[in-house]
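Student: Have a look at this one before I ask anything.
The values are calculated or read from the model by the stated rules, or taken from the named source; none is laboratory data. Computed from a predicted structure; not experimentally measured. Cβ coordinates were reconstructed from backbone atoms using ideal geometry, including for glycine residues, and neighbour counts include every protein chain displayed.
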Amino acid sequence: MEHVRIIPRLDIKGPNVVKGVHAEGLHIVGSPKEMAQAYYKGGADELLYLDIVASLYQRSFDFDLLSSVADSVFIPLTVGGGIRSINDITNALHAGADKVAINTYGVAHPEFLAEAVKKFGAQCIVVFIEAKRTATGTWEVYTDGGREKTGVDVLEWVKKISDIGVGEILISSIDQDGTRKGYDHALTKAVIDISSVPVIAHGGAGTKESVLKVIQECGVFAVSCATVFHYQDFSIQDLKTFLQEHAISVRL
């Protein structure tokens, strides 16, 4: 069985790592470089590094900051935020990224995702989906750091990007984000059931049991956590030991 990956998520705003609830009310929690180093040394399998306001503010990604962070960690690094061109992807890879996560621009320009997969390979391209439940019980894709409605149905979008052939899907529940109330299992399972590519779940981790539950019930390939690691509710190694005790294959 393939190891389930544990992936801390760093939301970047300016020079800081920030965290909020439901993608709002952002608070500074630390330095990108220091936190990345701590998570690398603490046993993270990969890191997510997302500039959450680059698309919203229509500004370019800070490749210099990324380079300074990437120099200090030696695990796969997925970066995103404001990626709008093939040149942006090239610059991210040159700055130390291993994979690039695309949300806002990809929703508006699906052909860009196909072009990126063709040029860099599927393993390099991750589609980041920010999902929010609608009044009818379905889920809608949001962009620009979880602030803009798109009218795009999440599951229809998953089918489309699976057909395009991207490498992974990062599904993040805006409703659960930062709440510590557990992942949105219905959303995660619905995405996994129709996706032909690996799915990473994010949004709502609160206890080690909540992480175990989403792995057991939904069959995710990886879990991403932010709040519980940033505020030291438990360590990465504590989580991995707990998961292993419950017959989940992890890399210790």
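Student: Tell me yes or no: at least one residue of region 67-83 is β-branched (V, I, T), within 22 Å of G30 (Cα to Cα) and surrounded by fewer than 16 Cβ atoms within 10 Å (Cβ to Cβ).
Tutor: Yes: one or more hits.
Student: Look through region 115-137, keep the residues that are of a type in the set (K, R) and surrounded by fewer than 17 Cβ atoms within 10 Å (Cβ to Cβ), and return whichever of them is farthest from V199 (Cα to Cα).
Tutor: Among residues in region 115-137 that are of a type in the set (K, R) and surrounded by fewer than 17 Cβ atoms within 10 Å (Cβ to Cβ), the one farthest from V199 (Cα to Cα) is K119.
Student: Let me ask you something else. What are the residues in region 136-181 that are of a type outside the set (S, T, N, Q), within 16 Å of the chain's Cα centre (by Cα), closer than 18 Å to V21 by Cα and not in a strand (DSSP E or B), if any?
Tutor: The answer is D144, G145, G146, I174, D175, D177, G178.
Table: residues versus (1) under 18 Å from D45 (Cβ atoms); (2) surrounded by 21 or more Cβ atoms within 10 Å (Cβ to Cβ); (3) modelled with pLDDT of 95 or more; (4) of a type in the set (S, T, Y).
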position: K160; (1), (2), (3), (4): no, no, yes, no
position: A186; (1), (2), (3), (4): no, no, yes, no
position: P198; (1), (2), (3), (4): yes, no, yes, no
position: C225; (1), (2), (3), (4): yes, yes, yes, no
position: I248; (1), (2), (3), (4): yes, no, yes, no
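Student: Among the residues of region 92-113, write down those that are in contact with a helix residue (DSSP H, G or I) (Cβ under 8 Å, 6 or more places away or on another chain) and either over 26 Å from R5 (Cα atoms) or hydrophobic (A, V, I, L, M, F, W, C) (or both).
Tutor: Passing the criteria: A92, L93, A95, A97, V100, I102, Y105, V107, P110, F112, L113.
Table: residues versus (1) aromatic (F, W, Y); (2) part of a helix (DSSP H, G or I); (3) at pLDDT 95 or above; (4) at positive phi.
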residue	(1), (2), (3), (4)
R59	no, no, no, no
V69	no, yes, yes, no
V79	no, no, yes, no
G106	no, yes, yes, no
F112	yes, yes, yes, no
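Student: Here is a follow-up. Considering region 72-85 alone, what residues qualify as being closer than 17 Å to V17 by Cα and of a type outside the set (S, T, N, Q)?
Tutor: V73, L77, V79, G80, G81, G82
Student: Moving to a separate point now. Suppose we filter region 182-208 for residues that are assigned to a helix (DSSP H, G or I), farther than 18 Å from H3 by Cα and of a type outside the set (S, T, Y); how many remain?
Tutor: Going through region 182-208 one residue at a time, the tally reaches 8.
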